[in-house]
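The values are calculated or read from the model by the stated rules, or taken from the named source; none is laboratory data. All figures in this text were calculated on a predicted structure; none of them were measured in a lab. Glycine gets a Cβ as well: all are built from the backbone with ideal geometry, and neighbour counts include every protein chain shown.
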Amino acid sequence: MRLLAGDIGGTNARLVLYEAPDSQAELANYKSITSHRVISQKYYKNNDFQSFTEVLCTFLSIPSHAELKIHSCCFAVAGPVADNRINFTNREGWIINGNSIKEEFDIDSVLLINDFVANGYGLLSLTKQELTTLQKGKPSAPDMFSAPVALVGAGTGLGECFLTPEKDGTVTAHATEGGHVEFAPRTDLEQQLLSFLETRLDPGCKYSETDVLPRVSVERLVSGTGLENIYEFLREKFPDQVNSELDHEYQHSTEKGRLIGSQKYNYSLFMNALEIMFSVYGGEVGNVALKYLPFAGIYVAGGIAPKNIEMITGRDSAFMKRFADKGRMSSLMPDFPLHVVMNEDLGIRGAHTVASQRAAQLLTDPPLVVETNEKQQQSNERSSNLSLSQAVRAAVTSYPLAYALVMSTTAALTAAACVAGLQILRKTKRI
(Lines give C-alpha, C1' and ligand atoms only; values in the text may rest on other atoms or scores of the structure.)
Protein backbone atom coordinates (compact mmCIF):
# COMPACT_ATOMS: atom_id res chain seq x y z
CA MET A 1 0.00 0.00 0.00
CA ARG A 2 1.33 3.42 -0.90
CA LEU A 3 0.90 6.55 1.20
CA LEU A 4 1.70 10.13 0.19
CA ALA A 5 2.44 12.72 2.88
CA GLY A 6 3.09 16.41 2.33
CA ASP A 7 4.08 19.40 4.44
CA ILE A 8 3.05 22.48 2.47
CA GLY A 9 4.09 25.86 3.83
CA GLY A 10 4.12 29.33 2.37
CA THR A 11 7.71 28.98 1.14
CA ASN A 12 8.45 25.28 0.69
CA ALA A 13 6.66 22.03 -0.08
CA ARG A 14 7.95 18.65 1.05
CA LEU A 15 6.46 15.46 -0.39
CA VAL A 16 7.23 11.88 0.70
CA LEU A 17 5.90 8.68 -0.85
CA TYR A 18 5.88 5.58 1.37
CA GLU A 19 5.36 1.87 0.89
CA ALA A 20 3.37 0.51 3.84
CA PRO A 21 2.16 -2.97 4.84
CA ASP A 22 -1.27 -4.10 3.65
CA SER A 23 -2.31 -4.75 7.24
CA GLN A 24 -5.10 -2.78 8.84
CA ALA A 25 -3.65 -3.33 12.32
CA GLU A 26 -0.20 -2.08 11.32
CA LEU A 27 -1.57 0.91 9.40
CA ALA A 28 -3.68 1.96 12.38
CA ASN A 29 -0.75 1.64 14.81
CA TYR A 30 1.04 5.01 14.94
CA LYS A 31 4.18 3.34 16.31
CA SER A 32 4.59 1.25 13.15
CA ILE A 33 4.94 4.15 10.70
CA THR A 34 8.70 4.29 11.25
CA SER A 35 8.89 0.91 9.48
CA HIS A 36 7.28 2.23 6.30
CA ARG A 37 9.72 2.32 3.40
CA VAL A 38 10.41 5.68 1.76
CA ILE A 39 9.99 5.33 -1.99
CA SER A 40 10.78 8.94 -2.82
CA GLN A 41 10.97 12.35 -1.14
CA LYS A 42 11.50 15.80 -2.57
CA TYR A 43 11.64 19.43 -1.42
CA TYR A 44 10.32 22.15 -3.70
CA LYS A 45 10.49 25.94 -3.59
CA ASN A 46 6.98 27.21 -4.06
CA ASN A 47 8.18 30.26 -5.99
CA ASP A 48 9.17 27.93 -8.82
CA PHE A 49 5.56 26.85 -9.44
CA GLN A 50 2.31 28.53 -10.41
CA SER A 51 0.19 26.19 -8.28
CA PHE A 52 0.44 23.30 -5.87
CA THR A 53 -1.05 20.99 -8.49
CA GLU A 54 1.97 21.74 -10.63
CA VAL A 55 4.22 20.75 -7.71
CA LEU A 56 2.30 17.51 -7.33
CA CYS A 57 2.49 16.82 -11.06
CA THR A 58 6.25 17.29 -10.98
CA PHE A 59 6.63 14.88 -8.08
CA LEU A 60 4.31 12.23 -9.50
CA SER A 61 5.99 12.34 -12.92
CA ILE A 62 9.31 11.11 -11.50
CA PRO A 63 9.96 7.93 -13.55
CA SER A 64 10.74 5.71 -10.54
CA HIS A 65 7.15 5.96 -9.27
CA ALA A 66 5.11 7.61 -12.02
CA GLU A 67 3.07 4.44 -12.58
CA LEU A 68 2.42 3.62 -8.92
CA LYS A 69 -1.09 3.78 -7.53
CA ILE A 70 -1.43 5.96 -4.39
CA HIS A 71 -4.02 4.77 -1.90
CA SER A 72 -4.04 7.39 0.86
CA CYS A 73 -2.71 10.93 0.97
CA CYS A 74 -2.56 13.66 3.61
CA PHE A 75 -1.22 17.20 3.23
CA ALA A 76 -0.35 19.38 6.21
CA VAL A 77 -1.03 22.94 5.09
CA ALA A 78 -0.15 26.30 6.63
CA GLY A 79 -3.55 27.81 7.27
CA PRO A 80 -7.19 27.08 8.09
CA VAL A 81 -8.80 24.18 6.22
CA ALA A 82 -12.49 24.34 5.25
CA ASP A 83 -14.29 21.60 3.29
CA ASN A 84 -10.97 19.86 2.61
CA ARG A 85 -9.74 22.99 0.84
CA ILE A 86 -7.33 25.85 1.52
CA ASN A 87 -6.59 29.11 -0.26
CA PHE A 88 -3.07 30.42 0.42
CA THR A 89 -3.88 34.12 0.70
CA ASN A 90 -0.23 35.14 0.47
CA ARG A 91 0.43 33.09 -2.68
CA GLU A 92 -1.68 33.92 -5.73
CA GLY A 93 -3.10 30.91 -7.53
CA TRP A 94 -2.32 28.49 -4.72
CA ILE A 95 -5.62 26.81 -3.93
CA ILE A 96 -5.40 23.22 -2.74
CA ASN A 97 -8.62 21.24 -3.04
CA GLY A 98 -8.28 17.75 -1.62
CA ASN A 99 -11.42 16.46 -3.32
CA SER A 100 -10.25 17.68 -6.72
CA ILE A 101 -6.81 16.13 -6.24
CA LYS A 102 -8.49 12.85 -5.31
CA GLU A 103 -10.36 12.78 -8.62
CA GLU A 104 -7.62 14.18 -10.85
CA PHE A 105 -4.89 11.83 -9.63
CA ASP A 106 -7.05 8.78 -8.89
CA ILE A 107 -6.11 8.63 -5.20
CA ASP A 108 -8.51 6.75 -2.92
CA SER A 109 -8.35 9.33 -0.12
CA VAL A 110 -6.91 12.85 0.09
CA LEU A 111 -7.13 14.79 3.35
CA LEU A 112 -5.94 18.31 4.15
CA ILE A 113 -5.16 19.16 7.77
CA ASN A 114 -3.85 22.27 9.46
CA ASP A 115 -0.07 22.15 9.75
CA PHE A 116 -0.03 22.46 13.51
CA VAL A 117 -2.62 19.71 13.88
CA ALA A 118 -0.19 17.64 11.83
CA ASN A 119 2.57 18.62 14.25
CA GLY A 120 0.36 17.30 17.04
CA TYR A 121 -0.05 13.93 15.36
CA GLY A 122 3.67 13.98 14.65
CA LEU A 123 4.30 13.76 18.40
CA LEU A 124 2.94 10.21 18.41
CA SER A 125 5.98 8.74 16.68
CA LEU A 126 8.68 10.56 18.69
CA THR A 127 11.28 8.67 20.68
CA LYS A 128 12.93 9.81 23.91
CA GLN A 129 16.17 10.33 21.98
CA GLU A 130 14.46 13.07 19.95
CA LEU A 131 13.55 15.11 23.03
CA THR A 132 15.35 17.36 25.49
CA THR A 133 13.54 17.31 28.81
CA LEU A 134 13.34 20.67 30.57
CA GLN A 135 11.26 19.37 33.44
CA LYS A 136 10.31 15.77 34.29
CA GLY A 137 7.16 16.80 36.12
CA LYS A 138 4.72 14.22 37.42
CA PRO A 139 3.36 12.53 34.31
CA SER A 140 -0.07 11.01 34.75
CA ALA A 141 0.94 7.91 32.76
CA PRO A 142 3.91 6.58 30.77
CA ASP A 143 2.25 7.61 27.50
CA MET A 144 -0.12 10.30 26.22
CA PHE A 145 -3.34 8.29 26.34
CA SER A 146 -4.73 9.23 29.72
CA ALA A 147 -4.52 13.03 29.88
CA PRO A 148 -4.26 16.02 27.52
CA VAL A 149 -1.04 16.90 25.73
CA ALA A 150 -0.12 20.43 24.62
CA LEU A 151 2.17 21.53 21.80
CA VAL A 152 3.60 25.03 21.32
CA GLY A 153 5.97 25.87 18.49
CA ALA A 154 7.67 29.08 17.41
CA GLY A 155 9.11 29.33 13.94
CA THR A 156 7.82 31.55 11.15
CA GLY A 157 4.80 32.07 13.43
CA LEU A 158 3.62 30.77 16.79
CA GLY A 159 1.50 27.64 16.60
CA GLU A 160 -0.40 25.92 19.37
CA CYS A 161 -2.55 22.79 19.56
CA PHE A 162 -3.62 20.21 22.09
CA LEU A 163 -4.33 16.49 22.00
CA THR A 164 -6.93 14.53 23.93
CA PRO A 165 -7.20 10.77 24.58
CA GLU A 166 -10.24 8.96 23.26
CA LYS A 167 -12.11 5.98 24.72
CA ASP A 168 -10.86 3.68 21.96
CA GLY A 169 -7.23 4.34 22.88
CA THR A 170 -6.55 6.78 20.06
CA VAL A 171 -5.59 10.45 20.30
CA THR A 172 -7.23 13.44 18.62
CA ALA A 173 -5.33 16.65 17.84
CA HIS A 174 -7.25 19.93 18.01
CA ALA A 175 -6.31 23.12 16.18
CA THR A 176 -6.19 26.45 18.02
CA GLU A 177 -5.13 30.00 17.26
CA GLY A 178 -3.55 30.39 20.69
CA GLY A 179 -0.49 32.16 19.29
CA HIS A 180 -2.71 35.18 18.60
CA VAL A 181 -3.70 35.91 22.19
CA GLU A 182 -2.70 39.33 23.56
CA PHE A 183 0.83 39.94 24.73
CA ALA A 184 0.94 40.92 28.42
CA PRO A 185 4.23 42.60 29.42
CA ARG A 186 5.75 41.70 32.79
CA THR A 187 8.69 44.16 32.94
CA ASP A 188 9.09 47.85 32.33
CA LEU A 189 11.22 47.13 29.26
CA GLU A 190 8.53 44.86 27.88
CA GLN A 191 5.98 47.61 28.49
CA GLN A 192 8.10 49.95 26.36
CA LEU A 193 8.39 47.21 23.75
CA LEU A 194 4.60 46.91 23.68
CA SER A 195 4.28 50.67 23.10
CA PHE A 196 6.86 50.42 20.31
CA LEU A 197 4.85 47.70 18.58
CA GLU A 198 1.56 49.54 19.05
CA THR A 199 3.06 52.57 17.32
CA ARG A 200 4.47 50.41 14.56
CA LEU A 201 1.08 48.82 13.95
CA ASP A 202 -0.73 52.16 13.86
CA PRO A 203 1.83 54.92 13.22
CA GLY A 204 0.87 58.56 13.63
CA CYS A 205 -2.35 57.93 15.54
CA LYS A 206 -3.06 59.57 18.88
CA TYR A 207 -5.18 57.95 21.54
CA SER A 208 -6.98 59.25 24.58
CA GLU A 209 -6.80 57.51 27.94
CA THR A 210 -10.00 55.59 27.20
CA ASP A 211 -9.24 54.57 23.60
CA VAL A 212 -8.46 50.94 22.84
CA LEU A 213 -4.86 50.70 21.67
CA PRO A 214 -3.73 48.54 18.72
CA ARG A 215 -3.76 44.88 19.58
CA VAL A 216 -0.37 43.13 19.87
CA SER A 217 -0.38 39.33 19.93
CA VAL A 218 2.22 37.07 21.48
CA GLU A 219 3.21 35.95 17.98
CA ARG A 220 4.47 39.50 17.34
CA LEU A 221 7.27 38.66 19.78
CA VAL A 222 7.57 34.87 19.83
CA SER A 223 8.43 33.94 16.24
CA GLY A 224 11.10 34.66 13.67
CA THR A 225 9.41 37.96 12.83
CA GLY A 226 8.88 38.61 16.53
CA LEU A 227 12.61 38.30 17.16
CA GLU A 228 13.19 40.93 14.47
CA ASN A 229 10.63 43.21 16.13
CA ILE A 230 12.41 42.92 19.47
CA TYR A 231 15.84 43.64 18.02
CA GLU A 232 14.57 46.68 16.12
CA PHE A 233 13.09 48.01 19.34
CA LEU A 234 16.41 47.50 21.16
CA ARG A 235 18.54 49.13 18.46
CA GLU A 236 16.27 52.19 18.61
CA LYS A 237 16.28 52.35 22.41
CA PHE A 238 20.01 51.67 22.85
CA PRO A 239 21.74 53.29 19.84
CA ASP A 240 25.08 53.46 21.68
CA GLN A 241 25.13 49.63 21.88
CA VAL A 242 24.58 49.02 18.16
CA ASN A 243 27.31 47.00 16.45
CA SER A 244 27.47 48.84 13.13
CA GLU A 245 28.97 45.92 11.20
CA LEU A 246 26.46 43.31 12.33
CA ASP A 247 23.60 45.78 12.18
CA HIS A 248 24.47 46.53 8.56
CA GLU A 249 24.52 42.81 7.84
CA TYR A 250 21.15 42.49 9.56
CA GLN A 251 19.57 45.27 7.49
CA HIS A 252 20.57 43.53 4.24
CA SER A 253 19.88 39.96 5.32
CA THR A 254 17.02 37.91 3.90
CA GLU A 255 17.12 35.65 7.00
CA LYS A 256 17.26 38.15 9.83
CA GLY A 257 16.09 35.80 12.57
CA ARG A 258 18.68 33.21 11.63
CA LEU A 259 21.39 35.88 11.71
CA ILE A 260 20.40 36.97 15.20
CA GLY A 261 20.62 33.39 16.44
CA SER A 262 23.95 32.62 14.81
CA GLN A 263 25.64 35.85 15.97
CA LYS A 264 24.14 36.14 19.46
CA TYR A 265 27.48 35.57 21.19
CA ASN A 266 29.12 38.30 19.10
CA TYR A 267 26.55 41.06 19.60
CA SER A 268 24.90 41.99 22.90
CA LEU A 269 21.68 43.35 21.38
CA PHE A 270 21.15 40.11 19.47
CA MET A 271 21.56 38.22 22.74
CA ASN A 272 19.24 40.62 24.57
CA ALA A 273 16.60 40.18 21.87
CA LEU A 274 16.72 36.40 22.27
CA GLU A 275 16.55 36.66 26.06
CA ILE A 276 13.41 38.81 25.88
CA MET A 277 11.81 36.52 23.32
CA PHE A 278 12.52 33.36 25.33
CA SER A 279 11.24 35.01 28.49
CA VAL A 280 7.92 35.81 26.79
CA TYR A 281 7.96 32.35 25.16
CA GLY A 282 8.29 30.64 28.54
CA GLY A 283 5.43 32.70 29.90
CA GLU A 284 3.17 31.68 27.03
CA VAL A 285 4.06 27.98 27.41
CA GLY A 286 3.10 28.36 31.05
CA ASN A 287 -0.21 29.92 30.01
CA VAL A 288 -0.88 26.93 27.76
CA ALA A 289 -0.20 24.63 30.70
CA LEU A 290 -2.81 26.39 32.80
CA LYS A 291 -5.40 26.37 30.02
CA TYR A 292 -5.22 22.69 29.07
CA LEU A 293 -3.72 21.04 32.19
CA PRO A 294 -1.65 18.75 29.95
CA PHE A 295 -0.34 16.34 32.57
CA ALA A 296 0.66 13.88 29.85
CA GLY A 297 3.19 16.45 28.64
CA ILE A 298 3.89 19.84 27.13
CA TYR A 299 6.05 19.82 24.01
CA VAL A 300 7.92 22.81 22.60
CA ALA A 301 8.57 22.47 18.86
CA GLY A 302 9.48 24.68 15.91
CA GLY A 303 12.88 25.75 14.68
CA ILE A 304 13.78 28.38 17.27
CA ALA A 305 13.94 26.35 20.51
CA PRO A 306 16.22 23.48 19.39
CA LYS A 307 18.63 25.89 17.70
CA ASN A 308 19.02 27.81 20.97
CA ILE A 309 18.53 24.97 23.44
CA GLU A 310 21.26 26.24 25.77
CA MET A 311 19.21 29.37 26.42
CA ILE A 312 16.15 27.56 27.76
CA THR A 313 17.53 24.65 29.76
CA GLY A 314 17.97 24.95 33.52
CA ARG A 315 15.63 26.40 36.12
CA ASP A 316 17.53 29.70 36.08
CA SER A 317 16.90 30.34 32.38
CA ALA A 318 14.57 33.21 31.53
CA PHE A 319 12.31 30.71 29.75
CA MET A 320 11.89 28.42 32.76
CA LYS A 321 11.51 31.28 35.24
CA ARG A 322 8.60 32.76 33.33
CA PHE A 323 7.10 29.33 32.74
CA ALA A 324 7.02 28.68 36.47
CA ASP A 325 6.02 32.16 37.68
CA LYS A 326 2.22 31.90 37.64
CA GLY A 327 1.22 33.62 40.88
CA ARG A 328 -1.32 31.60 42.82
CA MET A 329 -0.89 28.70 40.38
CA SER A 330 2.91 28.56 40.68
CA SER A 331 2.78 25.48 42.91
CA LEU A 332 1.12 23.55 40.07
CA MET A 333 3.75 24.28 37.42
CA PRO A 334 6.44 21.74 38.52
CA ASP A 335 3.96 18.91 37.90
CA PHE A 336 3.86 19.33 34.11
CA PRO A 337 6.33 17.25 32.05
CA LEU A 338 8.02 19.70 29.69
CA HIS A 339 10.06 18.69 26.63
CA VAL A 340 11.70 20.31 23.61
CA VAL A 341 11.34 18.47 20.28
CA MET A 342 14.80 18.53 18.71
CA ASN A 343 13.66 17.49 15.20
CA GLU A 344 11.83 19.78 12.80
CA ASP A 345 9.90 17.15 10.85
CA LEU A 346 6.74 16.89 12.96
CA GLY A 347 4.55 18.18 10.11
CA ILE A 348 5.49 15.45 7.64
CA ARG A 349 5.34 12.84 10.40
CA GLY A 350 1.84 13.92 11.32
CA ALA A 351 0.65 13.88 7.71
CA HIS A 352 2.18 10.40 7.34
CA THR A 353 0.37 9.23 10.50
CA VAL A 354 -3.00 10.54 9.32
CA ALA A 355 -2.54 9.03 5.83
CA SER A 356 -1.71 5.67 7.40
CA GLN A 357 -4.70 5.69 9.75
CA ARG A 358 -7.00 6.72 6.92
CA ALA A 359 -5.64 3.84 4.81
CA ALA A 360 -6.51 1.46 7.65
CA GLN A 361 -10.10 2.75 7.56
CA LEU A 362 -10.29 2.37 3.80
CA LEU A 363 -9.35 -1.30 3.98
CA THR A 364 -12.77 -2.06 5.40
CA ASP A 365 -14.99 0.96 4.67
CA PRO A 366 -15.19 0.94 1.73
CA PRO A 367 -13.14 -2.14 0.71
CA LEU A 368 -9.83 -1.08 -0.77
CA VAL A 369 -8.00 -3.27 -3.29
CA VAL A 370 -4.24 -2.98 -2.96
CA GLU A 371 -2.56 -3.75 -6.23
CA THR A 372 0.31 -6.22 -6.34
CA ASN A 373 2.85 -5.94 -9.15
CA GLU A 374 0.76 -8.41 -11.19
CA LYS A 375 -2.41 -6.41 -10.57
CA GLN A 376 -0.54 -3.22 -11.43
CA GLN A 377 0.41 -4.75 -14.79
CA GLN A 378 -3.20 -5.75 -15.39
CA SER A 379 -4.24 -2.22 -14.52
CA ASN A 380 -1.78 -0.86 -17.07
CA GLU A 381 -3.29 -3.18 -19.69
CA ARG A 382 -6.76 -1.94 -18.79
CA SER A 383 -5.57 1.63 -19.34
CA SER A 384 -6.38 1.10 -23.02
CA ASN A 385 -9.97 1.79 -21.99
CA LEU A 386 -9.18 5.33 -20.90
CA SER A 387 -11.72 7.97 -21.79
CA LEU A 388 -10.55 11.23 -23.29
CA SER A 389 -11.08 13.06 -19.98
CA GLN A 390 -9.07 10.39 -18.14
CA ALA A 391 -6.35 10.68 -20.73
CA VAL A 392 -6.17 14.42 -20.18
CA ARG A 393 -5.74 13.82 -16.44
CA ALA A 394 -3.03 11.29 -17.22
CA ALA A 395 -1.37 13.93 -19.36
CA VAL A 396 -1.08 16.15 -16.29
CA THR A 397 1.38 13.65 -14.85
CA SER A 398 3.11 12.57 -18.04
CA TYR A 399 3.36 16.04 -19.53
CA PRO A 400 3.91 18.53 -16.69
CA LEU A 401 5.00 21.25 -19.10
CA ALA A 402 1.72 20.96 -20.95
CA TYR A 403 -0.07 21.17 -17.64
CA ALA A 404 1.77 24.38 -16.80
CA LEU A 405 0.24 25.79 -19.96
CA VAL A 406 -3.21 24.65 -18.87
CA MET A 407 -2.88 26.98 -15.90
CA SER A 408 -3.59 29.78 -18.37
CA THR A 409 -7.26 30.36 -19.09
CA THR A 410 -7.00 30.61 -22.86
CA ALA A 411 -8.66 27.94 -24.99
CA ALA A 412 -5.56 27.55 -27.12
CA LEU A 413 -3.47 26.55 -24.14
CA THR A 414 -6.17 24.25 -22.85
CA ALA A 415 -5.95 22.49 -26.19
CA ALA A 416 -2.33 21.63 -25.40
CA ALA A 417 -3.56 19.32 -22.63
CA CYS A 418 -5.97 17.69 -25.07
CA VAL A 419 -3.09 17.09 -27.48
CA ALA A 420 -1.13 15.52 -24.65
CA GLY A 421 -4.18 13.44 -23.79
CA LEU A 422 -4.38 12.21 -27.36
CA GLN A 423 -0.75 11.19 -27.14
CA ILE A 424 -1.60 9.14 -24.08
CA LEU A 425 -4.42 7.49 -26.02
CA ARG A 426 -2.12 6.68 -28.92
CA LYS A 427 0.36 5.11 -26.51
CA THR A 428 -2.38 2.88 -25.12
CA LYS A 429 -3.46 1.96 -28.69
CA ARG A 430 -6.87 3.48 -28.16
CA ILE A 431 -6.67 5.32 -31.50
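Rundown of residues vs (1) surrounded by fewer than 19 Cβ atoms within 10 Å (Cβ to Cβ); (2) of a type in the set (A, V, I, L, M); (3) in the same structural domain as residue 357 (by TED's automatic domain parsing), yes/no style:
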site	(1), (2), (3)
1	no, yes, yes
47	yes, no, yes
50	yes, no, yes
94	no, no, yes
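Applying the condition of being closer than 30 Å to residue 12 by Cα and acidic (Asp, Glu) to segment 329-364 and asking which residue is modelled with the highest pLDDT yields 345. Just one residue in the set 168, 188 is in the same structural domain as residue 295 (by TED's automatic domain parsing) and not β-branched (Val, Ile, Thr); that residue is 188. Checking 168, 211, 188 one by one, the residue that is acidic (Asp, Glu), under 30 Å from residue 251 (Cβ atoms) and surrounded by fewer than 16 Cβ atoms within 10 Å (Cβ to Cβ) is 188 and no other. In the set 274, 246, only one residue is under 17 Å from residue 187 (Cβ atoms) and either at pLDDT below 95 or outside the structural domain of residue 118 (by TED's automatic domain parsing) (or both); that residue is 274. Only one entry of 153, 179, 226 meets the criterion of being part of a helix (DSSP H, G or I) and in contact with a strand residue (DSSP E or B) (Cβ under 7 Å, 6 or more places away or on another chain), and that entry is 179. Residues of segment 198-206 include none that is of a type in the set (Asp, Glu), closer than 20 Å to residue 311 by Cβ and part of a helix (DSSP H, G or I).
Restricting segment 281-315 to residues that are of a type in the set (D, E, K, R) and over 22 Å from residue 260 (Cβ atoms), the residue that is surrounded by the fewest Cβ atoms within 10 Å (Cβ to Cβ) is 315.
Screening 43, 18 for residues that are surrounded by fewer than 14 Cβ atoms within 10 Å (Cβ to Cβ) and touching a residue at least 24 places away in the same chain (Cβ under 8 Å) leaves exactly one candidate, 43. Counting the residues of segment 99-130 that are surrounded by 22 or more Cβ atoms within 10 Å (Cβ to Cβ) and among the small types (Gly, Ala, Ser) gives 3. Answer yes if at least one residue in segment 341-355 is more than 19 Å from residue 38 (Cβ to Cβ) and either basic (Lys, Arg) or touching a residue at least 24 places away in the same chain (Cβ under 8 Å) (or both), and no otherwise. Yes - at least one qualifying residue is present in segment 341-355.
For (1) closer than 29 Å to residue 68 by Cβ; (2) at pLDDT below 95; (3) touching a strand residue (DSSP E or B) at 6+ places or on another chain (Cβ under 6 Å), each residue gets a yes or a no:
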position: 131; (1), (2), (3): no, no, yes
position: 140; (1), (2), (3): no, yes, no
position: 148; (1), (2), (3): no, yes, yes
position: 169; (1), (2), (3): no, yes, no
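Scanning segment 26-40 for residues that are within 15 Å of residue 168 (Cβ to Cβ) and touching a residue at least 40 places away in the same chain (Cβ under 8 Å) yields a total of 2. When segment 171-211 is limited to residues that are under 29 Å from the mean Cα position of the chain (by Cα) and among the polar types (S, T, N, Q), the one that is nearest to residue 79 (Cα to Cα) turns out to be 176. Restricting attention to segment 322-343, and to residues there that are among the charged types (D, E, K, R) and surrounded by fewer than 16 Cβ atoms within 10 Å (Cβ to Cβ), which single residue is farthest from residue 184 (Cα to Cα)? It comes out as 335.
Of the numbered criteria (1) under 27 Å from the mean Cα position of the chain (by Cα); (2) not in a loop (DSSP other than H, G, I, E, B), the one residue 215 fails is (2).
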